[in-house]
Every structure is written in structure tokens, then in C-alpha cells.
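What follows is calculated from the coordinates using simple rules that are stated; it is not laboratory data. Only a predicted model underlies this, so the values are computations on that prediction, with no experimental measurement involved. FYI the Cβ positions are ideal-geometry reconstructions off the backbone, even for glycines, and counts take in every protein chain you see.
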Amino acid sequence: MNPLNRETTATKYKKARFVLNLDKIPQLSTEEKVQLKQVKERYAFRANDYYLSLIDWNDPKDPIRKLVIPHVNELKEWGEIDASAENKVTVRKGVQHKYGTTVLLLVNEVCAAYCRYCFRKRLFMNGNDEVTYDIEPGLEYIRNHPEVSNVLLTGGDPMILKTPKLEKIFKQLREIDHVKIIRIGSKMPAFNPFRFINDDELMDLFRKYSLTDKRIYMMCHFDHPRELTEYSREAIRLLIEAGVVCVNQNPIIRSISDDPDVMAELWNELSYMGVQQYYIFQCRPTAGNEPFSIPIVEAYHKIEEAKKKCSGLGKRLKYAMSHESGKIEIIGVDHKHIYLKYHRAKHLVDEQKLIVCHRNDKAGWLDELKPVDGYKNDFYKEIRELPRPNVN
Ligand code: SF4
């Protein structure tokens, strides 16, 4: 595809404009607006005019609609607000350190729109105070931990920050010699690609700080091939041209990203664009996520089905669960067992450890699985002998 005519793009969408009020969406009926107000009061709503324009309002099951428009079933009592217990690995305000090599800096608590299934929706709630705009304590922590080679800027979406603020962060991180990779977790290429298309200074910044032997990685978050518009593709082209390595990671979500054909199309298209699908995550049992969750066995089979339709480059991903005990890859399912492996572990002793569990077709999270004798790790022995009662 040829690069976009920048003038036309800039004229048509100077920038995506936030939509914070459901009443401002003419396609929703009055009845829906009244119903969804309660949901919005519990879990924040935010969209923008560009992303809303991708919805096919004639299709009640439209996946883009499901991703961004509240649903009454979010009100079902289900899950936990911090399902991966991020509070236990928070070492300073807005700083998480779970795996030796990688530190997370939560630099912002806003996104260009909100995914209804967000695992960090607590950040958008009134009274939450986890994020910090002052990264100095985080930098100090990183300076004192020479094992940290990767820093992930996250939130919220760091790409909401103004370009000069990002420059300050990149510069300070580049002054720490042992930090090799700066990762940016962002759904901005999907939600608002004009953030990249319209900002030449941002591209200069990436060129300056994504070095030959110390790259910046954009951890993109595309959920559906319909998000790969000409604008998103242009944003990715510009990022790659500026020396940024782009990969994709997203959760498998009921009726949004759980169709094998949809997954295969997304992964193949991304591979054509030079973006590797890095992870597909099991949906965390986060409060409000009942309508989005899929049992592990069902998700595993759908992902395997999708892989059959992909080239080798399209299916270099891992299917994993971001559990409080580690990042656990789901490597196989047979008629009796589910086979798991710690890809990253909170406790070094579990790193690369194999866990074999009895097959449970309803389970959506590690806590609901029972390991076969001989495969228990500390998580099972000491922390959770029984499943959490509010996750069914
Ligand atoms: S982009 Fe990420 S942080 Fe923002 S709402 Fe979506 S899942 Fe949450």
C-alpha cells in the first residue's frame, strides 16, 4: 500500500476527538443510554470519533462496538479488580518489578479510548492513585538494579503523553547504560493512529532514541483486523521507518477476537506489515469481565485452529496467562490434562517449569486448575490450595 496522502489525512482527521458521554452517540437508543449509564458509573467509558466510526451500527454483534461500548453484563459480580495482584510487585508508586530483567513504569492513567475488558480498569476509577507522573523514584530504582535491561512504559497509554514529555523520559532512560530496550505498551495505533501520522517531531524522537543496539519496541494492541485501517497501517509504517520494532499482543476476548478466522487474518496481516504477533493472552478474571472471558480449553483449541491458517511468520506467538505467579504459557491440552509452562516466573525456581493440571473445560484461570501430583509449585502449596470463590 502506498503511503497516505498526508495532506488529505490531516485535513480529514486533524486529530481524533474524545467522546466521553454516551448521550453524544446518536446510534444508541434512549433506552440503551439509560441502561448503560449505570455501567459507565462503575467502569469508565471513553471513546473517540475515529474509533467509533469503525463500528457497523447495523450489526448488534459488531466486535468494535463490543470492545468500546459498555454492556450491562459488566455489572455481574465476577472477578477481582486487580486480578494479577499487581499491588504485590509494586516497588515504588507507579513502578512494578516482577521479572528480573523488566521493570514497568506506569506513566499515565488515560487511554485514547477504553477497552471494556481492560485488566487495569481500576486506574480509570475515581480515587485510584497508582500512577505517577514523576518518574524520578522509578529511575532511581532502575539505576540501582543493573539486572534491568528492559523498561516497559505503560499505564494507561504512554502515547497520550505530549512529545516533549516522552523525550524527557527517553533521554533519562538512555542515560542508564544497562537499560537496553524501552518498550511502550500502546493501543494508540489502533485507537488514534493520527497521534503518529500528524507528529513529525515524534518520529524524529524515535529515530534519535531507537538505536541500532538499543531499540524502542512498540508493544501494539490490535484486537481485530478491522482496526488495521489505512491510517493504522500508515502509523505502523512510520514507526518502522523511524527504527521502532513493532510487535502485537492482545487478549482472546469472547465475540471480539475469539474467531479462528479473525485471529488468523489479524496475525497474517500483521506479519505482512512487519509486526510480529508476540502474545495472545488469556482474559484475566478482572471485575466486570464476565461477558469477555473464555475458558482455557476452548481458547486453546480456537488458537490452534487459527494457527493452521497462518504462515510460520504469522504464528510466532505464545498463548499465555499473566498470572500473579508468572507468565504461564498454555502449551497443550489432551483428553485428560492441560499442559502449562512458566515462560516468566515471579520466583526464579519456577522459571521454565512445567505444570500439568487435570483437564477442566470450565476453568478460565490457573486458580481453578488442579495440578497432577508431583507438579505443585509454591503457588499451589502455600498460597492457593482452593480456587477463589468469586471466580467461577
Ligand atoms: S489500551 Fe490497554 S490500558 Fe488502555 S483500556 Fe485498553 S487494555 Fe486498558
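How would you rank 99-105, 231-237, highest first, on the average number of other Cβ atoms within 10 Å across their residues?
231-237, 99-105
Work out from phi, with θ = phi - 60° and the Karplus expression 6.51 cos²θ - 1.76 cosθ + 1.60, the ³J(HN,Hα) of each residue of region 162-174, listed in order in whole Hz, and give x for Gly and Pro.
The phi angles translate into 5, 4, x, 5, 4, 4, 4, 5, 4, 4, 5, 5, 5 Hz.
Quick one: dipole size for the chain, taken about the Cα centre, charges +1 on Lys/Arg Cβ and -1 on Asp/Glu Cβ, in debye to the nearest 20.
340
Counting only residues 5 or more places away or on other chains, whose amide H sits under 5 Å from the amide H of SER293 once H atoms are built in the peptide plane?
ARG254
Rounded to the nearest 5, what % of DSSP beta bridges with both residues in region 27-184 are antiparallel?
Once the DSSP bridges in region 27-184 are tallied, antiparallel ones form about 40 percent.
If each of THR30 and ASP129 carries a label point 7 Å out from its Cα toward its Cβ, how far apart are those two points in nm?
Rounded to a tenth, the inter-label distance reads 4.3 nm.
Output wanted: per-residue J couplings in Hz (rounded whole) for region 211-227, from phi through Karplus 6.51 cos²θ - 1.76 cosθ + 1.60, θ = phi - 60°, x for Gly and Pro.
Each residue of region 211-227 in turn: 8, 3, 10, 8, 7, 9, 10, 9, 8, 6, 9, 9, 9, 8, x, 5, 6 Hz.
Using per-residue counts of other Cβ atoms within 10 Å, averaged over each peptide, order 247-257, 271-281 from highest down.
Highest-to-lowest ranking by the protection proxy: 247-257, 271-281.
In whole Å, what are the extents of the chain along the principal axes defined by its C-alpha atoms, from largest to smallest?
Sorted from largest, the Cα extents of the chain read 64, 56, 46 Å.
Amide H to amide H, which residues 5 or more places from LEU28 or on other chains are under 5 Å from it, using H placed in the peptide plane?
For LEU28, whose amide H was placed from the backbone, there are no distant partners under 5 Å.
So what J values fall out for region 108-125 if you push phi through Karplus, 6.51 cos²θ - 1.76 cosθ + 1.60 with θ = phi - 60°, rounded to Hz, Gly and Pro as x?
For region 108-125, the Karplus-derived couplings read 6, 10, 10, 10, 6, 6, 10, 6, 4, 8, 3, 7, 10, 4, 4, 5, 8, 8 Hz, x marking Gly and Pro.
How big is the Cα convex hull of region 14-71 in projection, averaged over all directions, in nm²?
3.9
To make sure I understand, if each residue's beta carbon is the centre and we count other beta carbons within 10 Å, what order do ARG174, ARG122 fall in, fewest to most?
Least crowded to most crowded, the residues run ARG174, ARG122.
How would you rank TRP57, TRP365, TRP267, TRP78, going from fewest to most other Cβ atoms within 10 Å of each one's own Cβ?
TRP57, TRP78, TRP365, TRP267
Which entries in LYS165/LYS208; LYS66/LYS121; LYS15/LYS302; LYS88/LYS376; LYS61/LYS362 show an alpha-carbon gap greater than 26 Å?
LYS15/LYS302, as the Cα separations exceed 26 Å there.
Within 10 Å of each residue's Cβ, count the other Cβ atoms and sort TYR319, TYR342 from fewest upward.
Placing the least packed residue first, the sequence is TYR319, TYR342.
Compute log10 of I(q)/I(0) for region 296-356 with the Debye formula, placing one identical point scatterer on every Cα and leaving out solvent, at q = 0.15 Å⁻¹, to two decimals.
Here the Debye-derived log intensity ratios amount to -0.49.
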